[in-house]
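Each value in this text was obtained by applying a stated rule to the coordinates, not by laboratory testing. Because the structure is predicted, anything quoted here is derived from the model rather than measured. A quick note on method: Cβ atoms are made from the backbone with ideal geometry, for glycine too, and the neighbour counts reach across all protein chains shown.
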Amino acid sequence: MEPNYWTKTLAGRLNRRRFIAASGASALGAAFLAACGGGDDGDSTGSSDKTSLVTKREDSKSQAKRGGVLKDRTNADAPSFDAQSPIAPLNNPAKHVYSTMLQPKAPYLDEEDKLELSPGFAESWEVSPDGLTITFKTRANAKWHNKAPVNGRIADSSDFIFSWNRYAATAPLRGLAANSANPSAPVLTVTATDARTVSVKLKEPLTFALNLFAAYGSHTGNIVLMPKEAESGFDIRREMIGTGPYFLDKYEPSQGFTLRRNPDFWDQNANLVETIEYPIISENAQAEAQLKAGNIHYFQAGLLAESVFTLKRDEPRLQIYALDLQSANPVVTFGQLPADKSNPFADERVRQAFSMSWDRAAWVDAMFNVPDLEAGGLPTDVRWNSALPADFGTDWWLDPQGKDFGANGKYYQYDLAEAKKLISAAGVSTPIKIKSNRITSNAVANLARFAEALEAMVLDAGFECTVVAEDYNTVYIPQIRDGQGQYEGIGWHTVTGTTPWRLAPASALAAEYWSKAGATFKGFSTNGKNDKSGDPAIDSLIEKARLEKDVKARQVLVKDIQRNLAKSMYGLINPGTATSFALAWPALRNYQTYRYLGSSVWTHYGTWLDETKAPFTA
C-alpha cells in the first residue's frame, strides 16, 4: 500500500464532485433515471416518485396478504445459539425468535424519531417516584414456541427470573446491568411478585435503567427472555426456543437458517410472511448476484454504496430506499500493552496524531460513495463521529466540525503536519510499527473493509500497521472486543452488545469509557499502572450524566464528555457516516414502513409479499 494511496484514489472522486457542483446534479440524475426506465418499476400504487430514484415509504397493510417465503441473508454461521452472548451472525435469526421486556419504538413512515420505548414481553411498566423500583406487567398471551420440552405453554414471570439469573451469572456483558457481577452496575434484584409481575430494584435512580431491558441493533447480548427449561430440558446453545414472531424450523451449517411463523405471537402484524429464509452468503459480490437473480428480496446491511447504481442499472425493477443514518462500527481501541512507556499509545499525543491522520471527509466520500450518489440524484447527509455516533442527532451528538465543539475539535481534523509534530513532541520515532488486531472475514459487515482504508491513511503520519487476523470466536471476542485493551497495538471491534445505543447516549458513553462499566470498559488508565482505573475526569462527568434527570442538563453533560474525550482519545469510532441506501424488489411491500433506526427487530415488521410483482413476475 503506497503512502499516498488516498490522494491518488480520491482525486477522481473529488474532481467529479467539483464537476457536479458546476454542472448541477439534477441533469445527471435525470439521465440515470432515463437509463433505468424513468424510475418506474411498474408499481401501479404510485409508491415511486418519477422525479427521484428513491422509493417513498408506503403503508399497504390494507392490501396485505399472509403467506409466502421471504428470502433474506446472513453473513456467517453462529458458533452458538446462546442469544445472551453477543454473537453478530446470530442477530438475524435471534431477533425473530426471542423477545425482550421492552423494545425501541420505531418511527412510522417519516415521523420524527422520539427515542421512546415500546412494549415487548412486558405490556406495561412503571417506575417508582424515587427511581429505584421498576415494575413490569408481563403479557397474559405470550406463548413459547410449540417445541419440546416447552410445547407452547404460557410464558410467565418465572421465565424472566430464570432468564435474568442466567444472564447475571453467565452473560459476557452482565457487568453492564447486574450488580452481583459488578458492584457499580445498577440492578440489585429481580423478583416475581406474581405470575405476571416482575419487580426490579436498582442501586441508584439510573436515567437509562429501562433501556437495559430492551433489544437494539445487536439483538444478542441482551437480557433475552428464555424458557426456564433451558439447559435442564434442552441445550440453549444448540436450540432456540422463544416467544418471538417466528420459530427456528431448520439450521444447516454453512447453508443457513429457516424460520416459520409463530401462529400464537401476540402481534400478528409482525409475522405476515409465513417463512423467512436466511441463506449464509458471506461475500458481497455473491449477495449482489443473488439479489439480481431474485433469490434474495432485499439488500440492506453490508450493501456497498458504490453498488447501488450498478445494481439498479443491471436490474431496473429494483427499488432504492433511503435509510436513516447508521453509524457505529468499527470502534478502534488503543492497546494497553506493553504496560510501560514503550507503548507509543500511552502518550495521548500519539493517540491524537493517529486521529489527525484520518482524512474523515475523504473516508466518508469513499466508503459511502457520496460524490457519485449525489451525481446520480441521491442526496446524502454527511456527518463525522465524535466519541458518540453521529446518528444520535444534534440534541446529543456534538459535531466535531462545529464551532460549539471548541478547541478539541482540532483533533478530528485531517492535519498530517500537526500529527507529525505531536509524535515528535512525544519523543516517539517513526515509523511506529503497530499490530492491527481484527477479523478479516465478513462476519461483521464492512468491518474489514472500513479498517483497511484507515490503516492505509495512517501510513502518511508514520504508523505502519501489520494486520493480525483474529479468529472471530476464539480470539476476537474474548481478547479484542472484550479484552479491555490488554493487547499490543490497536484493536478493531464492534459497539458493545447491550449498550442502549440509540436511546441512551449517556449509557453508550458509559459502557465504553466509564472505568466501572465492567467487561465493556476500554481498559485505559491515567496513572501509568495499567490497572484499568480509567480517567477520573471522564468518570466524574459520566457519573453525573447517568443520574441527571433533567434532559437538557444531561445533554450538556453528554456534550462535555465528547469534548473531553476528543483530547484524551482513548478510542475512536470510524470517521463518520452518510445516508445509505437499500435495494428491494417491488414484491416486498411495507418495507421501511416502520423504520429500522437502532432496532433490527423492526426490519420485517408488517412486511408482506405481493406475488403479482417482480421478482415473482416478469
For the ranges 185-191, 229-235, what's the packing order if you count other beta-carbon atoms within 10 Å of each residue, average per peptide, and put the highest first? 185-191, 229-235
Magnitude of the Cβ-charge dipole (Lys and Arg +1, Asp and Glu -1) of segment 331-578 about the Cα centre, nearest 20 debye, reported as 620 debye
Counting only residues 5 or more places away or on other chains, whose amide H sits under 5 Å from the amide H of Glu464 once H atoms are built in the peptide plane? Ile432, Lys433, Ile434
How large is Rg/Rh for segment 435-494, to two decimals, with Cα atoms and a Kirkwood Rh? 0.96
Pull out the extension gain between Thr275 and Arg449, defined as 0.36 nm times the separation in residues minus the alpha carbon to alpha carbon distance; nm, one decimal. 59.4 nm
Please report, in Å, the Rg and the Dmax of the chain, where both are computed over Cα atoms only. 24.2, 69
Want the number for Leu416 to Ser60: 0.36 nm per residue separation, take away the alpha-carbon distance, what's left? 122.9 nm
How would you order 534-546, 144-156 from highest to lowest mean count of nearby Cβ atoms within 10 Å? 534-546, 144-156
Modelled label reach - Ser441, point 7 Å along Cα→Cβ, segment 284-324 residues with backbone N closer than 15 Å: 284
Relative frequency of Cα-Cα separations exceeding 28 Å in segment 331-578, percent: 29 percent
With each pseudo-label sitting 7 Å past Cα toward Cβ, what's the Lys403-Ala148 distance in nm, one decimal? 7.2 nm
Segment 564-578 - phi-based ³J(HN,Hα) in whole Hz, Karplus 6.51/-1.76/1.60, Gly and Pro as x: 5, 5, 5, 7, 6, 6, 6, x, 9, 8, 3, x, x, 8, 8
Once fully extended, how much extra length lies between Lys250 and Thr135, figured as 0.36 nm per residue of separation less the alpha-carbon to alpha-carbon distance? 37.7 nm
Take the Cα of Ser533, step 7 Å along the line toward its Cβ, and report every residue of segment 559-579 whose backbone nitrogen sits under 15 Å from that point. none
HN-Hα J in Hz across segment 94-104 - Karplus 6.51, -1.76, 1.60, θ = phi - 60°, x for Gly and Pro: 5, 5, 8, 7, 9, 10, 10, 4, 10, 8, x
XL table Lys312/Lys559; Lys201/Lys228; Lys105/Lys435; Lys65/Lys292; Lys95/Lys516; Cα-Cα > 32 Å flagged, in table order, is Lys312/Lys559; Lys105/Lys435
Using packing as a proxy for protection, rank 425-434, 453-462, 509-518 so that the peptide with the highest average count of other Cβ atoms within 10 Å comes first. 509-518, 453-462, 425-434
Work out the FRET efficiency for Gln479 and Arg237 from their Cβ-Cβ distance, taking R0 = 30 Å, and round it to the nearest 0.05. 0.90
Roughly speaking, what % of Cα-Cα pairs in segment 165-303 are separated by over 19 Å, rounded to a whole number? 66 percent
At a Förster radius of 41 Å, what calculated FRET efficiency corresponds to the Cβ-Cβ distance of Asn295 and Asp381, to the nearest 0.05? 0.80
